[in-house]
1. Separation between the A:GLU31 and B:THR62 pseudo-spin-labels, each 7 Å from Cα along Cα→Cβ, expressed in nm?
2. What is the diffusion coefficient of segment A:1-75 in µm²/s, taking the Kirkwood radius over Cα pairs and the Stokes-Einstein relation at 4 °C with a viscosity of 1.567 mPa s?
3. Once R0 is set to 25 Å, what does the formula 1/(1 + (r/R0)^6) return for the Cβ-Cβ distance between A:ARG70 and A:VAL133, expressed as a FRET efficiency to the nearest 0.05?
There are 2 protein chains.
Amino acid sequence: MLRLSKKADYALMAMKHLAQKSGTSSTSAREIAEQYDIPIELMAKVLQRLVRIGLLVSTQGTRGGYTLGRQANRISVVDVIEAIDGPITVTACSTKKIDCEQFSKCSIRDPLWQIRERIAAALGTVTIAEMAVEPVPSREPVSRAAVLHNART
Amino acid sequence: MLRLSKKADYALMAMKHLAQKSGTSSTSAREIAEQYDIPIELMAKVLQRLVRIGLLVSTQGTRGGYTLGRQANRISVVDVIEAIDGPITVTACSTKKIDCEQFSKCSIRDPLWQIRERIAAALGTVTIAEMAVEPVPSREPVSRAAVLHNART
DNA sequence: GTAAACTACGACAACTGCAGTCGGATTTAG
DNA sequence: CTAAATCCGACTGCAGTTGTCGTAGTTTAC
């Protein structure tokens, strides 16, 4: 396990997409959703949550859409994940130090808490900007990257 | 999210417990289960899986039970988690490099793969032995630790 | 040699949370 | 005013996890 939800996946895709389009006018939920085969209304819901947290800025109305709320290099992966899925918790009972009183016998809270910190730190050091950089096709032959190019101009 | 399953929790508790009791004769599933309020049969199932992987050794019969399969400092947290929940996968489609062909549009596989590696590395550096060390009450006042002491003699 | 205590295993029921859908309200450009 | 967007909450269906049960096999104690 240790898997993140699809919504979080979608959120990361959208953030990366918007990061690569920064500078352009805002992008609609529909446009992003269609490009990645995501149900439009689900994509919209995800984006709205990102707005509420402040990671995105929305403009309503006909030509509306979404834009990054701050610079891509100031948004970390953990920001996005926690915006969607809530704070990262390795165990069921951990958000607060005073978790399940019943499980005072738990005995592994402290070690797991440390682990949580390490994971959060790992996620915190990766920014959306880094994700948005096209991976220089150093190892892979160019073929795959070329196919994926969606330069629609 | 990014939460690990309860079975994995139980497994870690059991491993820690056994690590602290290493040297003693084997410990039964019932004994561990009762101490942590875990359903006995579920605990047994978890322990059996750990045996199959080789992290534990079992002895059958009346005075039977479980013992660590190797030294506690040679068992990492990631070993235990993967024994129970299978390989750590941050995304739904990631185990193989060739994941969902349909999602060739995914665009975040590579970044997430790197993140997965980091998480796995973080979990790999923590051993059961480290978890089993009683946390020296350096910061916390002794009170809490004292309460939790279950020296039943 | 029989009963008790334990591991071993698989199949099944119950529950929980996520994924996705629907309906409706609000805003804005043309 | 209409079309195209964002916004928001509530609802359903599905899937995976949790937990239970029954049964078989093994070792020890008496």
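1. 7.8 nm
2. In µm²/s, the coefficient rounds to 104.
3. FRET efficiency, A:ARG70 to A:VAL133: 0.90.
We did not get these values from a lab; they are worked out from the coordinates using the rules stated. From a predicted model like this one, the values you see are computed outputs, not experimental measurements. Positions of Cβ are backbone-derived with ideal geometry, glycine not excepted, and every protein chain shown enters the neighbour counts.
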